[in-house]
Every structure is written in C-alpha cells, then in structure tokens.
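Reading through the structure tokens given below for one structure.
Just so you know, all these numbers are worked out from the coordinates, no wet-lab data involved. Remember, predicted model here, so these are calculated numbers, not experimental data. So basically every Cβ, Gly included, is an ideal-geometry build from the backbone, and we count neighbours across all protein chains shown.
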Amino acid sequence: MKNIRLYFAVAAAILFLGSNTALAQSTTQPEKKGWSRKGKGAVIGAGTGAAAGAIIAGKGDRGKGAVIGAGAGAVSGALIGRRQDKKKDPVRHREYTKKD
C-alpha cells in the first residue's frame, strides 16, 4: 500500500511540474520593469559618495561630509546612468525625458 502512495505522489509531481514548465514557456515576454540605469547610478553614487565623504571629512565632521558626498555622488551617478540609458535603451530614455 505504501508503494502505491509513493508512485501516485511521484506521478502527481511529474504531471504538476510538466504543466508548469509548458505554461511558463508559452507566455510572451512581459514589458521590461525595474530600475533604469539612471536610478541605479544615483543610488550607487550616493552610497559611494557618502562613504568617501565620511572618510575624507575627518573625525569631527563625518556626518556633514557623508551628506555632501552622498549628494555629489547621486548627481554624478545619475548623469553617468542617464548617458548609459541614452545609448543602450533609447525608449526608456525618451520616457523619462518626455515633457508633458
């Protein structure tokens, strides 16, 4: 009796997995979602700038140095990411530069 249950469970698992892979392959590619290179560049630049600003500022002004560094890093990272978007993904670039 235990063998029949085991065989039934294995057969059910195979059927279940087979139907899911067929369903996943038949769907079309969804629209690309996620962060643009501009957004990623701004976040990475802000983190790096904050760390560098805190290190460069010295003992007494670490907080102020981190804030200034984060601002400068975010701006420079966004500019670099915007340039990459313009080259590699012109549709996305047009979307966030479109003036309504």
Of 38/64; 38/86; 40/86, pairs whose Cα-Cα distance is over 21 Å: 38/64
Using a 10 Å cut-off on Cβ atoms, rank the peptides 49-59, 69-79 from the highest mean neighbour count down. 69-79, 49-59
Using 0.36 nm per residue, how much length does the chain from residue 98 to residue 55 gain when fully extended, once their Cα-Cα distance is taken away? 11.6 nm
Taking θ = phi - 60°, what integer Hz values does the Karplus form 6.51 cos²θ - 1.76 cosθ + 1.60 yield along region 54-71, in sequence order, with x for Gly and Pro? 5, 6, 6, 5, x, 5, x, 10, 5, x, 5, x, 5, 5, 5, x, 5, x
Distance between region 40-75 and region 77-94 - C-alpha centres, whole angstrom: 23
